[in-house]
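Note sheet for the following structure.
The values are calculated or read from the model by the stated rules, or taken from the named source; none is laboratory data. Note that the structure is a prediction, hence the values are computed from the model and not measured. Virtual Cβ from ideal backbone geometry, glycine too; neighbours counted across all protein chains shown.
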Amino acid sequence: MRSRPRTVCLFNGGTAPENLTGEIVRFQPSHILMVDAAELGLKPGAATLIDSKAVDGMSCSSHILPLSILAGYMRRALPCNIIILGIQPGPTDFSLTHSRAIDQAARRIAQLILKAAPLR
């Protein structure tokens, strides 16, 4: 029995990641990594893996649906592992842009993900 080649497919869900559920289901991933800003009480740019089952209930979010609801739907739709990577944002005032620390963290995390498997 041949194993499926390791591939990565990136989806940018922005503020409405639920709009991509059809594409994600068609891709049939073995793993889903949701990357989002999260208040972790850490320095800006710090990142932590969060079990998607630990993110319960409604919360204040920039998303139309909370990630807990999206992760729950994806768990029911696909036999896959779901992990959330929370990245500590910097100041979140409307007049501010993201910080250099956030830019560096995003690049570092993207490089690690792309090293894990080839892009499809």
The residue that is surrounded by the fewest Cβ atoms within 10 Å (Cβ to Cβ), considering only those in segment 8-39 that are assigned to a helix (DSSP H, G or I) and of a type in the set (V, I, T), is V25
Cβ pairs under 6 Å, 6+ apart, first in segment 103-119 and within 17 Å of M34 (Cβ to Cβ), second at pLDDT 75 or above: A105/G45; A105/I87; A117/T7; A117/V8
Counting only residues that are at pLDDT 75 or above and either surrounded by 10 or more Cβ atoms within 10 Å (Cβ to Cβ) or outside any helix (DSSP H, G or I) (or both), segment 71-99 contains a total of 19
Log entry, pairs with first residue in segment 81-92 being farther than 7 Å from A47 by Cβ, second being among the charged types (D, E, K, R) and assigned to a strand (DSSP E or B), beta carbons closer than 9 Å, six or more apart or on different chains, reads I82/D51; I83/D51; I84/D36; I84/D51
